[in-house]
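Participant: Let me begin by handing over the structure; questions about it come next.
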Amino acid sequence: MPYGTLSSIHESPMRFGLIYAGSDDGLVHVTRDGGQVWQNISAGLPEDMWVSRVQASKFDEGTVYVSLNGYRWDNFTPYLYVSSDYGKTWRRLGKDLPMEPVNVVKEDPVNARILYVGTDHGLYVSLDQGESFMVMTNELPAVAVHDLVVHPRDNDLLVGTHGRSLYIAGVKELQQLSPEVLAMPLAVFELKKLRYSPRWGSKSLFGENKPDIKLPFYANEAGKVQISIQTESGLELHTFSVDAAKGLNYPAYDFRIDETALEEYTKLLNEKRKADEKPVKLNKADSGKYYLYKGTYKVVFHKGDVVKETKLVLE
């Protein structure tokens, strides 16, 4: 094995000139003056490994994460470490990770408690700064994950794999899982605004227009959750139930309204219309369904005795 090659380098987002570098012989160095003087901070880390990633924290100047792997020596131990004192001392993380070499560690840019880890067989996430991890592979094949980037605007996790293309996972709700939220029996999240279309449910040469929106919620225990779409005044337009798993859930709603609510709903829409607007008339779409009209609605979640609600806005 050739030695002396830098395998990872990262500058602290909090301090200019604070740079960490890892090499293919298991050494980690730090400089605090932009590279003029380097200090070996490898003491306490496993020897002769390949430093796969160094990651300086954006929340605490002295914190840095390091992942190493030894598969070149037939060593498949998941080596993941953190230092809170610029590398003077190290503490091992991810002791519950499976026997898979770690290729990358990434700190979430929004929630300091969240860490993402890519290994030779998949993707893992921690909600407690690396003390414990859970698999994050819904629809992701068992493939080597070599790079991770969280998009700063769209809150998407971009997953770079070895030979199986690029994957994208929305982590907006995941980023909101603070200890307070995790303790709640039920938590709901803000929904993005959508544009209303009068062509929902219509059919054409290109197929049927099938609209839907994910209604994310968190449950700290599995169980039945009832979801009700209502007007702001409380008129129920459509209600359905889902079998919630423990954790984040993303049931889909296709914007339908029940025919039993159609007459009263249409009356409410016309009462709210402006004087110069035409009367609202809702017609059955090609799909055989009636759909929501533009406006603001309540999405009400029931789990046992717990009730939470969020807004759905159609512009």
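Every number in this text was worked out from the coordinates using simple rules, so none of it is lab data. The shown structure was predicted, so the numbers you read here are calculated from the model rather than taken from an experiment. Every residue, glycine as well, gets a Cβ built from its backbone with ideal geometry; the counts of neighbours run over all protein chains shown.
Participant: Quick check: net charge around Asp254, other residues with Cβ under 10 Å of its Cβ, Lys/Arg +1 and Asp/Glu -1? Display every interim value, and only then the final one.
Facilitator: Values: positive: Lys210, Arg256, Lys289; negative: Asp212.
Net of charged neighbours comes to +2.
Participant: Right, something else. Mind listing which trypsin sites (Lys or Arg not before Pro) in segment 192-234 are in a DSSP loop and have 16 or fewer other Cβ atoms within 10 Å? Provide the component values of the computation, followed by the final result.
Facilitator: Values: sites: Lys192, Lys193, Arg195, Arg199, Lys203, Lys214, Lys224; in loops: Lys192, Lys193, Arg195, Arg199.
Here the trypsin sites (Lys or Arg not before Pro) that fit, given the DSSP loop and packing criteria, are Lys192, Lys193, Arg195, Arg199.
Participant: Further question on the same structure: Normalising by the residue count of segment 184-314, find the relative contact order in percent from Cα pairs under 8 Å and 6+ residues apart.
Facilitator: Values: 247 pairs, mean separation 42.6, N = 131.
About 33 percent, as a whole number.
Participant: Can you pick out the pairs among Lys274/Lys308; Lys172/Lys289; Lys193/Lys267; Lys272/Lys311; Lys210/Lys294 whose Cα atoms lie more than 22 Å from each other?
Facilitator: Going by Cα-Cα distance, Lys274/Lys308; Lys172/Lys289; Lys193/Lys267 fall outside the 22 Å limit.
Participant: Where does the charge balance sit around Gly234 when Lys and Arg score +1, Asp and Glu -1, over other residues with C-beta under 13 Å from its C-beta?
Facilitator: Numbers: positive: Lys298; negative: Glu232, Glu236, Glu264, Glu309.
Charge balance near Gly234 sits at -3.
Participant: Relative contact order of segment 30-119, please, whole-number percent, based on alpha carbon pairs below 8 angstrom and at least 6 residues apart.
Facilitator: 23
Participant: At q = 0.13, 0.18 Å⁻¹, what is the log10 ratio I(q)/I(0) for segment 6-122, with the Debye formula run over Cα points and no solvent?
Facilitator: For the requested q values the scattering log ratios are -0.44, -0.85.
Participant: Grab the eigenvalues of the alpha-carbon gyration tensor for segment 140-233, scale each by 5, take roots, and send me the semi-axes largest first in whole angstrom.
Facilitator: Details: eigenvalues 162, 127, 36 Å².
Ellipsoid half-lengths, sorted descending, are 28, 25, 13 Å.
Participant: So, one more: Which ³J(HN,Hα) values in Hz, rounded to whole numbers, follow from the phi angles of segment 73-79 under the Karplus curve 6.51 cos²θ - 1.76 cosθ + 1.60, where θ = phi - 60° and Gly and Pro get x?
Facilitator: So the J values, rounded to whole Hz, are 10, 6, 10, 9, 5, x, 9.
Participant: Which cross-chain or sequence-distant (5 or more) residues have an amide H under 5 Å from the amide H of Tyr196, H modelled 1.01 Å from N in plane?
Facilitator: Here Glu315 satisfy the definition.
Participant: Using P(r) over Cα pairs in 20 Å bins from 0, in percent as the read-out, say which of [x] 34, 58, 8; [y] 27, 43, 24, 6; [z] 28, 50, 19, 3, 0 was calculated from these coordinates.
Facilitator: Answer by label: [y].
Participant: OK, next. Ranking Leu182, Leu269, Leu312 by Cβ neighbours within 10 Å, fewest first, what do you get? Mind showing how you got there, number by number?
Facilitator: Details: Leu182 14, Leu269 17, Leu312 21.
If I rank by nearby Cβ atoms, fewest first, I get Leu182, Leu269, Leu312.
Participant: In the Gaussian network model of the chain, springs joining C-alpha atoms below 10 Å, which of Tyr81, Tyr253, Tyr116 carries the largest mean-square fluctuation?
Facilitator: Tyr253
Participant: For segment 53-126 and segment 1-48, what is the centre-to-centre distance using only Cα atoms, to the nearest Å?
Facilitator: Rounded to whole Å, the Cα centres lie 15 Å apart.
Participant: Can I ask one more? In a shell of Cβ-Cβ distance under 12 Å around Glu264, excluding Glu264 itself, what net charge do Lys and Arg (+1) and Asp and Glu (-1) give?
Facilitator: On the way: positive: Lys267; negative: Glu236, Asp258, Glu259, Glu263, Glu271.
Cβ neighbours under 12 Å give a net charge of -4.
Participant: Let me ask something else. Run the dipole for the chain about the Cα centre, Lys and Arg Cβ at +1, Asp and Glu Cβ at -1, nothing else charged, and hand back the magnitude in debye, nearest 20.
Facilitator: 1120
Participant: From zero up to wherever the largest Cα-Cα distance of segment 216-255 sits, split into 10 Å bins and tell me the percent of pairs in each.
Facilitator: Histogram of Cα-Cα distances, whole percents per bin: 28, 47, 24, 1.
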